[in-house]
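Trainee: Handing you a structure now.
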Amino acid sequence: MSKVQEVATAVENGKVKIVAGLVQEALDEGASADEILNVGMIGAMGIVGEKFKNNEIFVPEMLIAARAMKKGIEVLTPALKAAGAEPIGRLILGTVAGDLHDIGKNLVGMMIEGAGFEVLDLGVDVPAEKFIECMKENPDVKIVALSALLTTTMPAIKDTIDAIVAAGLRDTVKIMIGGAPVTQAFADEIGADGYSEDAASAAALAKKLLEDVKAGR
Ligand code: B1M
């Protein structure tokens with residue numbers, strides 16, 4: 001079994017204590033951070049999600065797998081950020097109200113930081129008012145990034161955008177959205193400026209949106 005596969009198995013089985021060591025060994029053996037993340041960890045979480053859906057495992061097991069993945073990400077963070085440049089702008093990020101999922105959001109934040117942004121991460125279960133408060137305190141911020149992992153919390157993305165409109169701040173920022181159940185069609189429907197499927201494309205999208213702002217588009 002390759003080291004990356006060992007990482008995947010350890011994450012899937014929630015082996016919190018050994019994941020960090022295995023990730024380091026995989027890096028030492030020459031595996032790329034991308035491969036360890038995508039094949040090892042995100043792949044494993046996909047299997048965990050399937051098992052949960054099929055009632056083969058339950059929330060505690062899902063939580064332990066998430067903890068294991070977080071341990072692995074801690075080791076990967078420097079390698080993932082290595083592509084970073086000078087800060088090119090600031091961005092507000094958060095998981096919307098009612099949603100506690102943060103692994104994908106944290107990866108998105110990490111990749112966006114790697115693309116040169118300073119990320120103001122508001123965490124999980126963030127009410128619309130908190131996004132607005134942060135926007136008012138940081139008027140130089142030109143992008144707000146909203147994550148949701150549940151079909152039941154997707155409406156909170158729309159509610160957040162509606163609240164930003166109601167606060168008279170919609171024209172001051174570009175809004176990008178993402179998360180497993182989110183689609184381009186949903187983004188179009190609720191008036192977001194952009195959608196991306198994964199953390200790497202989220203970083204590219206943030207850069208594009210910043211260019212749009214600078215070009216007055
Ligand atoms: Co939850 N959960 N969960 N869960 N959980 C899912 C999402 C689920 C699909 C599992 C399943 O049934 N197959 C399902 C949602 C079903 C649905 O709505 N369609 C589900 C459910 C039902 C629930 C609960 C309701 C379970 C319960 O209590 N009965 C509950 C809800 C709690 C709440 O939020 N209020 C719940 C709880 C939890 C835990 C707390 C146990 C834990 C989260 C721990 C944590 O995040 N700290 C958890 C986990 C771990 C999962 C799964 C297994 C893994 C999620 C994950 O971290 N994936 C998940 C199944 C799955 O996704 N396969 C599941 C890895 C991560 C890297 O991917 O988050 O998709 P992801 O992020 C990606 C992209 O989506 C994208 O980029 C990321 C990196 O590439 N992306 C963006 C994300 N945000 C973006 C923002 C962007 C752009 C891209 O721009 C701004």
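The values are calculated or read from the model by the stated rules, or taken from the named source; none is laboratory data. Every value quoted in this text rests on a predicted model; they were computed, and no experiment measured them. Virtual Cβ from ideal backbone geometry, glycine too; neighbours counted across all protein chains shown. Surface accessibility is based on the protein's heavy atoms, side chains included, excluding ligands, DNA and RNA. Shrake-Rupley method; radii C 1.70, N 1.55, O 1.52, S 1.80 Å.
Trainee: Using θ = phi - 60° and the Karplus curve 6.51 cos²θ - 1.76 cosθ + 1.60, what whole-Hz ³J(HN,Hα) does each residue of the stretch 93-109 get, with Gly and Pro shown as x?
Mentor: After applying 6.51 cos²θ - 1.76 cosθ + 1.60, I find 10, x, 8, 5, 3, x, 10, 9, 6, 10, 5, x, 4, 5, 5, 4, x Hz.
Trainee: Identify all lysines with a Cα-Cα distance to Lys130 below 25 Å; exclude those on the same chain that are fewer than 8 residues away in sequence.
Mentor: Within the straight-line limit of under 25 Å, Lys130 reaches these lysines: Lys105, Lys142, Lys158, Lys174, Lys207.
Trainee: What is the distance, in nm, between label points placed 7 Å from the Cα along the Cα-to-Cβ direction at Glu197 and at Val59?
Mentor: 3.1 nm
Trainee: Still on this model: What does the extension gain come out to for Ala185 and Ser2, with contour length at 0.36 nm per residue minus their alpha carbon separation?
Mentor: That works out to 62.0 nm of additional length.
Trainee: Compute the distance in nm between two label points, each set 7 Å from the Cα along the Cα-to-Cβ direction, one at Glu50 and one at Leu100.
Mentor: The two pseudo-label positions are separated by 2.6 nm.
Trainee: Right, here's the next one. Report the net charge of residues surrounding Val19, where surrounding means a beta-carbon distance below 14 angstrom and charges are Lys +1, Arg +1, Asp -1, Glu -1.
Mentor: For residues surrounding Val19, the net value is +2.
Trainee: Let me know the charge dipole size of the stretch 89-214 about its Cα centre in debye, to the nearest 20, where only the beta-carbon of Lys, Arg (+1) and Asp, Glu (-1) is charged.
Mentor: Magnitude of the dipole: close to 240 debye.
Trainee: Might you report the magnitude of the Cβ-based charge dipole of the stretch 39-80 about its Cα centre, with Lys and Arg at +1 and Asp and Glu at -1, to the nearest 20 debye?
Mentor: For this selection, approximately 80 debye.
Trainee: Also, quick follow-up: Could you compute the net charge surrounding Ala185? Neighbours are other residues with a C-beta less than 14 Å from the C-beta of Ala185; K and R count +1, D and E count -1.
Mentor: Local net charge: -2.
Trainee: Would you mind putting 106-112, 168-174, 138-144 in packing order, based on average other-beta-carbon counts within 10 Å, highest first?
Mentor: The most tightly packed comes first, giving 106-112, 138-144, 168-174.
Trainee: Once a ≥ b ≥ c are taken as the square roots of the eigenvalues of the Cα gyration tensor of the stretch 92-159, is the result rounded (a/c under 1.5), prolate (a/b larger than b/c) or oblate (a/b not larger than b/c)?
Mentor: oblate
Trainee: Would you mind classifying the stretch 1-151 by shape? Square roots of the alpha carbon gyration tensor eigenvalues, ordered a ≥ b ≥ c; an a/c under 1.5 is rounded, otherwise it is prolate if a/b is larger than b/c and oblate if not.
Mentor: Cα axes put the stretch 1-151 in the oblate bin.
Trainee: Next question. What accessible area per residue comes out for the stretch 3-82, rounded to a whole number of Å², with a 1.4 Å probe?
Mentor: 54 Å²
Trainee: Further question: Select from Ile103, Cys134, Gly191 the residue farthest towards the positive end of the dipole of the stretch 61-209; place +1 on Cβ of Lys and Arg, -1 on Cβ of Asp and Glu, and compute about the Cα centre.
Mentor: The residue sitting farthest along the positive end of the dipole is Ile103.
Trainee: P(r) tail for the stretch 89-214, what percent of Cα pairs lie past 20 Å?
Mentor: I get 32 percent for the Cα pairs in the stretch 89-214 exceeding 20 Å.
Trainee: Using θ = phi - 60° and the Karplus relation 6.51 cos²θ - 1.76 cosθ + 1.60, list the HN-Hα couplings for the stretch 29-35 in order, rounded to whole Hz, with x at every Gly or Pro.
Mentor: Once θ is set to phi - 60°, the couplings for the stretch 29-35 become 7, x, 5, 7, 4, 4, 5 Hz.
Trainee: For the stretch 3-82, take the convex hull of the Cα atoms, compute a quarter of its surface area, and give me that in nm², please.
Mentor: Dividing the Cα hull surface by four gives the mean projection, 4.5 nm².
Trainee: Got a number for carbon plus sulfur as a percent of the chain's accessible area, 1.4 Å probe?
Mentor: 56 percent
Trainee: Rounded to the nearest 500 deg cm²/dmol, what is the calculated helix-only ellipticity per residue at 222 nm for the chain, with -39500 (n - 2.57) per DSSP H run of length n ≥ 4?
Mentor: That calculation yields -16500 deg cm²/dmol at 222 nm.
Trainee: Could you go through the stretch 18-24 in sequence order and give the Karplus-derived ³J(HN,Hα) for each residue, using 6.51 cos²θ - 1.76 cosθ + 1.60 with θ = phi - 60°, rounded to whole Hz, and x for Gly and Pro?
Mentor: Each residue's phi maps through the Karplus curve to give 9, 4, 4, x, 5, 4, 4 Hz.
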